[in-house]
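A short write-up of the structure that comes next.
The values are calculated or read from the model by the stated rules, or taken from the named source; none is laboratory data. Predicted model, so just to flag it, every value in this text is computed and none were measured. Here the Cβ positions follow ideal geometry from the backbone for every residue, glycine too, while neighbour counts run over all protein chains shown. When the accessible area is computed, the model is the full protein with side chains, heavy atoms only, and any ligands, DNA or RNA have been set aside. Shrake-Rupley method; radii C 1.70, N 1.55, O 1.52, S 1.80 Å.
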Amino acid sequence: MHSPLPSFEKCVQAIADTLIRQELPSRETPEIAEAIGIYVLAAHAGMPDYLRLAFRILTLVFDAWSFPVAGKPFHQLSPDRRADQLRHWQFSRLKIRPALISFYRTLTFFGLYSELYKQDVECGSHREHN
Amino acid sequence: MDRIVNTTEPVTSQMTADIVVIGSGPGGAVTATLCAEAGKSVLLVEEGQNLSLQSVPHFSKEELLVKYRNAGICIAFGPSKIAYVEGRCVGGGSEINRGLYHRAPEHLLDQWRAIFKVGDLSLDRLMPHFVACENTARIEYIPGETPPISTRLRDGAARLGWQATEAPRLFRYDGAGKSGRKQSMSETFVPRFLKAGGRLIADTRATRLMRSGGKWCVKALHAPPNGPSQRIEISTDRIFIACGAVQTPALLRRSGLTKNIGNSLYFHPMLKVVAQFDGDVNNPDDPDPVHQIREFEPWFGMGCSISKRPMLGLAMANHAGHFAEIDQHWRRMGIYYVQAASGRATVRNLPFFRDPLVRVWQNEADLGKLADGLKRLAEALFAAGAVAVYPSVPGYPVLRSMEDVRKLPATFAGSDGSMTSVHVFSSCPMGGNDAICATDSFGRVRDADGLYIADASLLCGPTIVNPQGTVMAIAHRNATHAVESRFN
């Protein structure tokens, strides 16, 4: 049974999953999205504490945003409805909304490319260190 | 993960040393080494983990999580924002940077002497300290051909009649320059420090400094990643603070020392572009690119960046369809930057929070410089054979010709988060000018007997060039002075 309450961790996972589906619609995403979601959560845990708190609150607001219309949080929406909400915030005039999505886009895409092309990084690294 | 067992004695709640050095980056490692070799009992305290150079791949997401402060997410706020990075591990910034190396230019030292009244500072006087550091942390040029990403920038500059040079690196190349070993602090000065009898404790964050009974007390939290946290106190005669240009003023201000501390932090704000060329330039096996355009210094400089696919993804995230572009063309793509010396920031602690707040201000002229630099960079890349240039600035279009470049705005908004910096310094400048300097000409904090600063905070302003060489040489100079004057 899914909890109807907003959840920071589930919302971050859902944002990462949605961004990856938008970028790579033809690929199987669940495993890679989960790995990247874990990375995004770890990066969030390491960020400056005053920012961490602000982003946590804003992310929970984002998760709860769909309640009035859909009756459930963002992380429980269908992929299409998630994508709609993400786009709505990404292009909002209220600067804080695109800033939140931009933050998650940056981390998610860096994580995505790092997962897909980890051989690039490891290759150069090996040659430089040994 | 390749974690080094680093303590030469157990961490206990009460510790003592003649000298405590807080921070093991280029400034701290050099200072600790010289003090230990002078026969002092030295404890080097590092907030981050003690990891070997090869513990995680360079420029990987894993490295961001374990070797960077705040997982690589540090932001200076203001009308224009700057995202910056700092190291947080044994070796500090030297572990995570590319090790591009320059000695401070003479005109810069002359300026510091004139404005900040730094005594006994000139290129001649600093030269022995540069050389001494370079004897331990070796500087080399790529022995063979430089990588195509690098030579393209050099050739583009040459076609425009601009000066471009190859920067040496803190690196020991093997054979034809395809491999080698970076000369970070964990590979050079930290082993020398341990050999001289110095003690190192990692995973330990200094929270406050207190003075009582003629002694200093460092209050700290030892928090290993896989063990319980422990509060410790270290009693000592002298402290060298080398936590970096943001954390050093934060620690001093938490300890009640505020005069000229944390009021003048500077960055090298940077904008990046991805250039797509008419032929292959990007091979993951290539050594790091090393050419820089110096024609427009001291206004701004240009250079090449690591261009592996994750970095390309990050640099192109603002452009629609970036994944397909990178997937198809990454071998023809390279990342380039323009960086200026601009902006001024403050460092302040916030009540109830651990991390300090950095606020930055840049004026119209600063932002205009970056906008001009971006156009010049694109011009050099088109001269080098680029067929497209993708600015890493939200809303900026793909540039396909000089006509497109000329249509770019004359100034740069700076509020969109596209400015980054890998260099931070000058938050506690040294010198004899009491009105603006936090320390005397050799890093001694004013009105605080036995307290020194030994990192990039001391630099009097932006260096334009990569600052690590200057940080090490200044630390070597000041530590030598302290030892020779018997710390009086």
inquiry  = Would you confirm, using the coordinates I've provided, whether B:T439 is without any contact (Cβ under 8 Å) to a residue 40 or more places away in the chain, β-branched (V, I, T) and more than 14 Å from chain A (Cβ to nearest Cβ)?
reply    = yes
request  = Among what's in the range B:46-61 and is of a type in the set (D, E, K, R) and within 29 Å of B:I232 (Cβ to Cβ), pick the residue that is farthest from the other protein chains (Cβ to nearest Cβ).
outcome  = B:E46
request  = With a cut-off of at least 3 residues that are open to solvent by 10 Å² or more (accessible area, probe 1.4 Å), name the strands (runs of 3 or more DSSP E) lying wholly within the range B:166-224.
outcome  = B:169-174, B:204-212, B:215-222
ask   = Can you list the strands (runs of 3 or more DSSP E) found entirely within the range B:225-330 that contain at least 2 residues being farther than 30 Å from B:A36 by Cβ?
value = B:265-267, B:270-277, B:291-293, B:300-304
task = Would you check if B:K61 is more than 30 Å from B:L312 (Cα to Cα), among the charged types (D, E, K, R) and surrounded by 16 or more Cβ atoms within 10 Å (Cβ to Cβ)?
result = no
message = On the basis of being small (G, A, S) and free of Cβ contacts under 8 Å to residues at least 24 places away in the same chain, does B:G313 make the cut?
response = yes
request  = Could you list all residues from the range B:271-288 that are open to solvent by 10 Å² or more (accessible area, probe 1.4 Å) and under 30 Å from B:L367 (Cα atoms)?
outcome  = B:K272, B:Q276, B:D288
task = Specify the residue that is nearest to B:P57 (Cα to Cα); the eligible residues are those in the range B:289-331 that are within 13 Å of chain A (Cβ to nearest Cβ) and of a type in the set (K, R).
result = B:K308
message = Would you confirm whether or not the range B:195-203 contains a residue that is within 30 Å of B:A479 (Cα to Cα), without any contact (Cβ under 8 Å) to a residue 24 or more places away in the chain, charged (D, E, K, R) and away from chain A (no Cβ under 14 Å)?
response = yes
ask   = Taking strands (runs of 3 or more DSSP E) that fall entirely within the range B:332-394, which contain at least 2 residues that are under 18 Å from B:L314 (Cβ atoms)?
value = B:333-340, B:386-391
key: Output for the range B:142-162, where each listed residue is touching a Phe, Trp or Tyr at 6+ places or on another chain (Cβ under 9 Å) and either at pLDDT 95 or above or assigned to a strand (DSSP E or B) (or both)   = B:P148, B:I149, B:R152, B:L153, B:G156, B:W162
task = Within the range B:225-262, track down each residue that is open to solvent by 30 Å² or more (accessible area, probe 1.4 Å) and on the phi > 0 side of the Ramachandran plot.
result = B:G256
request  = Report, by residue number, each residue of the range A:35-87 that is assigned to a helix (DSSP H, G or I), farther than 19 Å from A:T106 by Cβ and open to solvent by 50 Å² or more (accessible area, probe 1.4 Å).
outcome  = A:L53, A:I57, A:L60, A:V61, A:F67, A:P68, A:V69, A:P79, A:D80, A:R81, A:D84
remark   = Considering residues that are at pLDDT 85 or above and either facing another protein chain (nearest Cβ under 7 Å) or within 30 Å of B:G99 (Cβ to Cβ) (or both), the number found within the range A:74-130 is 13
message = Consider the range B:74-101. How many of its residues are assigned to a loop (DSSP other than H, G, I, E, B) and either open to solvent by 20 Å² or more (accessible area, probe 1.4 Å) or more than 27 Å from B:T346 (Cβ to Cβ) (or both)?
response = 11
inquiry  = Of everything in the range B:337-377, what is within 14 Å of another protein chain (Cβ to nearest Cβ) and among the acidic types (D, E)? Give them in sequence order.
reply    = B:D355
query = Is it the case that some residue within the range A:32-51 is out of contact with any Gly (no Cβ under 7 Å at 6 or more places or on another chain) and away from chain B (no Cβ under 14 Å)?
reply = yes
